[in-house]
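Working notes, structure below.
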Amino acid sequence: MIVSSAPGKVYLFGEHAVVYGEPAVPCAIERRATVTVDARTDDHIRVEARDLSLDGFTVEYAGDTGYRPDVDVPEGLVDAAVGYVDAAVEQARDAADAPDAGFDITVESEIPLGAGLGSSAAVVVAGIDAATRELGVELAPEELADRAYRAEYDVQDGQASRADTFCSAMGGAVRVEGDDCRQIDTPNLPFVVGFDGGAGDTGELVAGVRTLREEYDFAADTVESIGDIVRTGESMLADADPDSEPTDELLSELGRLMDFDHGLLEALGVSSRTLDNMVWAAREAGAHGAKLTGAGGGGCIVALDETPETRTALRYTAECRDAFRAELDREGVRVEESGPDASARSDAEPNAEGERR
Ligand code: PMV
């Protein structure tokens, strides 16, 4: 048995524009998805999800993943969750050259689904890591990031950048521009996250921006301007001392860029009333800046504030379901626990469901 975990992320800046080759800077946060993988003696996949957004379900299948048993959660969410796990399994089987490997998989996530915090990337990264290790193969974090990207790309019909998966695999702050992905040094940024309890449809939101961009030159210019914001922010971060607390000047400059970025994302049609209300609540509470994070449409905003004020104000904001401080997580994917390997357990006691654990 192997248990691996990987962090979620917030976008300091650059979501959506990154899809068109502009740079983006996502930052890993201390909220993780944890995936437990146990090899089976058959080729079945059994997935148990215990998630913030899903009350919990278990599905088991072999071969065709089109089969869905009756479960008491919305079908779309089950399909999404199983789709990502399934794509991770395919990558692990391929990496370990074990096309018929079967697994019992448990997913536990502290990251709300589809809310802009990179939940699917964290599940896919941790899942590939745990499943390959369970098959005796250890992938370098860069290869893991690449395989996780390919898994997301398949599930999202090609509407995925490398940002989430690279950030989750490597940890810390990263810079992604097309296929060029690297870690960057930053001081510890005081992120506060507000969550409206909802989720956006990434595919639909990305498609909406694509249409606008094709229709109007000024929408294409808006996407390029987001790239300019990212380049400006990056050079501020490059001048900062990563080992000291961020200066007030740095925080207020980054905050101003976040505000600008949110305005452009709003113009591109990917914000929502609840996200805007949380952004304004954060700004009025004295945050250096605030913006939506991820695809938008609903989900989370991220603000910069080293004081407790923003979190308190968000908690008193009607549209905000949860508000929390999100420390930068400098660690990417990691092994939490590893048990004896599958072959050593092949004649272990079956559990109550008649399955080997
Ligand atoms: O909402 P998330 O965390 O899946 O982020 C989506 C970010 C986009 O730039 C809109 C798409 C992408 O794959 O980069």
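Computed log10 I(q)/I(0) for segment 153-196 at 0.30, 0.31, 0.34 Å⁻¹: -1.05, -1.07, -1.14, from the Debye equation with unit scatterers placed on every C-alpha and solvent omitted. Using the Karplus relation 6.51 cos²θ - 1.76 cosθ + 1.60 with θ = phi - 60°, the per-residue 3J(HN,Hα) values for segment 41-50 come to 8, 10, 9, 6, 10, 10, 10, 10, 10, 10 Hz, with x marking Gly and Pro.
For the chain, the solvent-accessible area with a 1.4 angstrom probe is 42 square angstrom per residue. Over the chain, the Kirkwood radius and the radius of gyration, each from Cα atoms, give a ratio Rg/Rh of 0.99. Only protein atoms count toward the accessible area here, which uses a 1.4 Å probe; on the chain, the carbon and sulfur part of that area reaches 44 percent. If one takes the longest principal axis of the Cα atoms in the chain, at what angle in degrees, from 0 to 90 and to the nearest 10, does the Cα axis of helix 75-95 lie? Long axis of 75-95 versus the principal axis of the chain: about 70 degrees. In this label model, residue 232 and residue 157 are separated by 3.6 nm, measuring between points 7 Å along each Cα→Cβ vector.
Cβ neighbours within 10 Å, averaged per peptide: list 219-231, 286-298 in order, most packed at the top.
286-298, 219-231
The orientation-averaged projection of the convex hull spanning the C-alpha atoms of segment 118-255 amounts to 10.5 square nanometres. Rounded to the nearest 20 debye, the dipole size of segment 223-323 about its Cα centre is 640 debye, using +1 on the Cβ of Lys and Arg and -1 on the Cβ of Asp and Glu. In this structure the amide hydrogen of residue 321, modeled in the peptide plane, comes within under 5 Å of the amide hydrogens of 195, 196, 197, none closer than 5 places in sequence on its chain. For helix 141-155, what angle does its Cα long axis make with the longest principal axis of the chain, in degrees from 0 to 90 and rounded to 10? The answer is roughly 90 degrees.
Given R0 = 22 Å, the distance between the Cβ atoms of residue 140 and residue 188 translates into a calculated FRET efficiency of 0.25.
Which of the GluC sites (Glu not before Pro) found in segment 93-188 are loop residues per DSSP with 13 or fewer other Cβ atoms within 10 Å of their Cβ?
Hits after loop and neighbour filter: 138.
The values are calculated or read from the model by the stated rules, or taken from the named source; none is laboratory data. Note that the structure is predicted; figures quoted are calculated from it, not measured. No Cβ is skipped: glycine too gets one built from the backbone with ideal geometry, and neighbour counts run over all protein chains shown. Each accessible area value is taken on the protein alone, full model and side chains, heavy atoms only, with ligands, DNA and RNA left out. Shrake-Rupley method; radii C 1.70, N 1.55, O 1.52, S 1.80 Å.
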